[in-house]
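Since the structure comes first, as structure tokens, the remarks are kept for the end.
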Amino acid sequence: MILVNGQNPLLLVNIPPPEMPVLQYLYGMMQEQYPKIYFYRRLVQAKLFIDTHYAESIDLDNIANEACFSKFHFIRQFKSIYRKTPHQYLIAVRMEKARELLKKGHPVTDTCYAVGFESVSTFSGLFKRLTGLSPSLYLAQQQQLKERIRQSPFSYVPGCFAHQKGWLQE
Amino acid sequence: MITKMTHTSLYVLDQGKALDFYTHKLGFRVITDVPMNKNDRWLTVCPPDMEDFQIVLMPIMDSMFSKETAALLRELVSKGTFGVGIFTCHDIYATYEEMSARGVEFTKPPKKEFYGTEAIFKDDSGNWFSLAQLGEP
């Protein structure tokens, strides 16, 4: 259960535990299950929203509102689960998608707009900071790699597997 | 002296479907995808931040074994005979919610154990994994 300053943030009032066993059980459910299910569901929905809509201009304030959190609370809880703020996570998703597109051979400018950036220089700078390579260099390297794989695929498969699994006989 | 494990392989029933499962449902990254023959590929994936450990999604080909053994292996995999490994995560309830929302089938929801909290899920072929958050849940 997530606690903020030792308090469960989702229970507005701190109700003392009731005495009847059934009520005690329900009270336990409120304390344990309610936060687990609804609290997580809202945060996960926010993450899935970013996963789906990363290419659009996402307003993170809106996401916080949709998830019924204050902006500050939302950012904090998101980070406690995903180790990144929603903004950092959005950038990470865009970069992951950019890698995929560049790998497939999409030009840098197309990739930049396709993953939701409006400025190629911002995109290129962030990409380089995260991967160590500029997008154009990454694109070129990936295309060279593809060509080498096309020419000699077996040099990219550990020999043990290729032999043992009968690949070389086919 | 052995220093590291870099690859492990598991048998999948259909590499195309497995690729979809591991990339779209688990969010893994493709490391290598090399065509080996008309139908089969050398296909490896990894969790996004773990590129030094590759999971080989291995097709079950008749040329590897006898035809009977291949058929038997397919049957065993789809029956959920093989438990392949343990994945860990920062927050198991969030991960469980997210994977469920993406349509991953869990055979056991998160449960507190003495070593942390653990759930069990299956891939699209029938291989099962433990998903764990180690330590105090």
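The simple Förster model, with R0 at 41 Å and r as the Cβ-Cβ distance, assigns residue A:121 and residue B:75 a FRET efficiency of 0.15. A DSSP coil position with no more than 14 other Cβ atoms inside 10 Å describes the following GluC sites (Glu not before Pro) in the range B:30-137: B:51.
Per-residue 3J(HN,Hα) values for the range A:147-154, derived from phi via the Karplus relation 6.51 cos²θ - 1.76 cosθ + 1.60 with θ = phi - 60°, read 5, 5, 5, 5, 6, 9, x, 6 Hz in sequence order (x marks Gly and Pro).
For chain B, relative contact order (Cα pairs under 8 Å, six or more residues apart, normalised by length) works out to 23 percent. In terms of distances greater than 21 angstrom between alpha carbons, the cross-link table entries A:47/A:71; A:71/A:128; B:4/B:108; B:17/B:38; B:79/B:122; A:47/A:84 yield A:71/A:128; B:4/B:108. Under a 5 Å amide H cut-off, with hydrogens placed 1.01 Å from N, residue B:42 pairs with B:34, B:36 among residues at least 5 apart or on other chains. Site pair residue A:57 and residue A:80 shows an inter-label distance of 3.3 nm when each label is modelled 7 Å from Cα along Cα→Cβ. Going by accessible surface with a 1.4 Å probe and the largest first, A:57, A:152 read A:57, A:152. DSSP finds beta bridges in chain B, and of those with both partners inside it, around 65 percent are antiparallel. Just so you know, the averaged projected area of the alpha carbon convex hull for the range A:91-153 sits at 3.9 nm².
Computed from the C-beta positions of residue B:82 and residue B:20 and an R0 of 22 Å, the FRET efficiency is 0.65 to the nearest 0.05.
Multiplying the residue separation of residue B:115 and residue B:53 by 0.36 nm and removing their Cα-Cα distance gives an extension gain of 19.9 nm. In a reduced charge model with +1 at each Lys and Arg Cβ and -1 at each Asp and Glu Cβ, the range A:91-153 shows a dipole moment near 220 debye about its Cα centre. Residues of chain B were split at every exposed loop site, defined as chymotrypsin sites (Phe, Trp or Tyr not before Pro) in a DSSP loop with at most 12 other C-beta atoms within 10 angstrom, and the longest piece left, sites excluded, is B:1-113. Of B:19, B:70, B:59, whose Cα points farthest to the positive end of the dipole of chain B (charges on the beta-carbon: +1 Lys, Arg; -1 Asp, Glu; origin at the Cα centre)? With unit charges placed on the Cβ atoms, the residue in question is B:70. Within chain B, what's the longest stretch lacking trypsin sites (Lys or Arg not before Pro) that sit in DSSP loops with no more than 15 other Cβ atoms inside 10 Å? No qualifying site falls inside B:39-78, the longest such stretch. The 3J(HN,Hα) values that the Karplus relation (6.51, -1.76, 1.60; θ = phi - 60°) gives for the range B:12-23 are, in residue order, 10, 7, 8, 5, x, 5, 5, 4, 4, 4, 6, 7 Hz. Gly and Pro appear as x. Among A:43, A:69, A:80, whose Cα sits farthest toward the positive end of the charge dipole of the range A:32-116 (+1 at Cβ of Lys/Arg, -1 at Cβ of Asp/Glu, about the Cα centre)? Comparing the listed Cα positions along the dipole, A:80 ranks first.
The mean number of Cβ atoms from other chains found within 10 Å of a Cβ in peptide B:36-48 is 3, as a whole number.
Legend: mean number of C-beta atoms from other chains within 10 angstrom of residue C-beta atoms, peptide B:94-107, equals 4.
The values are calculated or read from the model by the stated rules, or taken from the named source; none is laboratory data. For clarity, every value in this text was computed on a predicted model and none was experimentally measured. Here Cβ is always computed from backbone atoms with ideal geometry, including for glycine, and neighbour counts include all displayed protein chains. Protein only, heavy atoms only, side chains kept; ligands, DNA and RNA dropped before computing areas. Shrake-Rupley method; radii C 1.70, N 1.55, O 1.52, S 1.80 Å.
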